[in-house]
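The values are calculated or read from the model by the stated rules, or taken from the named source; none is laboratory data. Everything numeric here is computed off the predicted structure, so don't read it as measured data. Glycine gets a Cβ as well: all are built from the backbone with ideal geometry, and neighbour counts include every protein chain shown. Protein only, heavy atoms only, side chains kept; ligands, DNA and RNA dropped before computing areas. Shrake-Rupley method; radii C 1.70, N 1.55, O 1.52, S 1.80 Å.
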Amino acid sequence: MDVKHYYNPQGEEILDEKIFGGSPSGFVDFNRSKYKWDSNIYDLMNANTWFPSEVNTSTEKKNFDQLTDNEQAIYKMTFAQLSFNDSAQEEYLSDFRRLANNRLVKSVLSLQIMQEVNHSKSYAVLLDACGNSDEVFNLYKHDQMLNQKNQKIAEQFARYIDGGSIDKMLLSAMASVNLEGIYFLLGFSYIYLLGDKVPGARDMIKFIARDELNTHLPLFANIFKTIQKENKIQTSTIDAAYTMIEDAVNIELEYGKYLLEQYPIMGVTPELMEDTVYNYANDRLKKIGLKAIFKESSATYLQKLVTKHLEMNEVKSNFFESNVSNYAKSSIDLNDF
Ligand SMILES: [Fe+2]
Ligand SMILES: [Fe+2]
């Protein structure tokens, strides 16, 4: 590797470092941020810091054993898939980070990588308490649809990650918008539907969902919009971004409907799933500055469940509030545009 990759005194000014292309000096300076959203998201990520050991999993096995057969299957198939998402995301972020130039944005990605590892650790802690860790982590070997969802997510990650052009980098960012904003969502809903029956799983998912939706999704939405603003992007690339989110919607619904057919849950229908995933996809498109293209309906019951658990007023309220003042001095706005 070129020495200048680490230290380049003749490199560009920190405030000139774009996300893509350039020659940074090599310093990470939180007091000179070209973008405000990067340091704001970093502060919010830190304020939300949690550890799997903080979640009470002592009764998880007892609670799990009392679930119906269908509920147990939903629980296992959900964690089998979500745990793949986080494993893949950690590796993907490490690769995506190499495409980036701005050192502060790269630093925020480093913290995100740590959080994804924390999510992987949390699944292991939870499933160990539940006594079915080996079984759940090996389900991909036995379930064709689970295997297929994982495979399709991996293919979307791999398609543009080699970089080489700004258009490819933008589409790589899109893959992450899909992961943070689409592929977790029905899984989160399932666990919230089980809710009080499995409080350990519910609380663990609550923390994970807050990371994904309150900070990781805004981070990649800002990366996507900033790349678009700073560069001339081909129309065909934007078309490809729309195709990627259409694919994501199909991937999410395919697995969701499969689980529902195999293991019906009261009150959940294929239409409810469709409305939910379409609404999420429209929201993600708006967040990255594109047009909503899916059928729009009012917020569904599943969406409301997820939103309710995003609020920061429960387990970590004191911790969060004591920290919020530290960065509220500047701005908690996560979006510069
Ligand atoms: Fe995660
Ligand atoms: Fe994430």
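Condition check ((1) in contact with a helix residue (DSSP H, G or I) (Cβ under 6 Å, 6 or more places away or on another chain); (2) within 16 Å of ligand 2 (Cβ to nearest atom)) across all residues:
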| position | (1), (2) |
| --- | --- |
| 54 | no, no |
| 78 | yes, no |
| 98 | no, no |
| 103 | no, no |
| 122 | yes, yes |
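Quick check, is residue 116 open to solvent by 10 Å² or more (accessible area, probe 1.4 Å) and either touching a residue at least 24 places away in the same chain (Cβ under 8 Å) or more than 16 Å from residue 51 (Cβ to Cβ) (or both)? No. Within segment 129-142, the set of residues being touching a helix residue (DSSP H, G or I) at 6+ places or on another chain (Cβ under 9 Å) and open to solvent by 40 Å² or more (accessible area, probe 1.4 Å) comprises 131, 134, 135, 137, 138, 140, 141.
Being within 16 Å of ligand 1 (Cβ to nearest atom) and in a loop (DSSP other than H, G, I, E, B) is a property that residue 78 lacks.
Reported count of residues in segment 162-186, each being part of a loop (DSSP other than H, G, I, E, B) and more than 16 Å from ligand 2 (Cβ to nearest atom), is 4.
Here residue 91 passes the criteria (1) within 16 Å of ligand 2 (Cβ to nearest atom); (2) of a type outside the set (Ser, Thr, Tyr); (3) in contact (Cβ under 8 Å) with a residue 40 or more places away in the chain; (4) farther than 30 Å from residue 264 by Cα except the one numbered (3). Note on segment 57-66: residues that are closer than 14 Å to residue 127 by Cβ and not in a helix (DSSP H, G or I) total 1. With the condition kept exactly as written, say whether any residue in segment 225-238 is of a type in the set (Val, Ile, Thr), open to solvent by 20 Å² or more (accessible area, probe 1.4 Å) and in a helix (DSSP H, G or I). Checked segment 225-238: at least one residue is of a type in the set (Val, Ile, Thr), open to solvent by 20 Å² or more (accessible area, probe 1.4 Å) and in a helix (DSSP H, G or I).
Residues that are more than 21 Å from the chain's Cα centre (by Cα) and polar (S, T, N, Q) within segment 234-284 comprise 234, 235, 236, 237, 262, 269, listed in sequence order.
Out of curiosity, is residue 159 basic (Lys, Arg), under 22 Å from residue 109 (Cβ atoms) and either within 16 Å of ligand 2 (Cβ to nearest atom) or crowded, with 24+ Cβ neighbours inside 10 Å (or both)? Judged against the criteria, residue 159 is not a match. Scanning segment 184-224 for residues that are within 11 Å of ligand 1 (Cβ to nearest atom) and farther than 18 Å from residue 75 by Cβ yields 210, 211, 212, 213, 215, 216, 217. When 208, 182 are screened for being in contact with an Asp or Glu (Cβ under 7 Å, 6 or more places away or on another chain), within 29 Å of residue 55 (Cα to Cα) and hydrophobic (A, V, I, L, M, F, W, C), only 182 passes.
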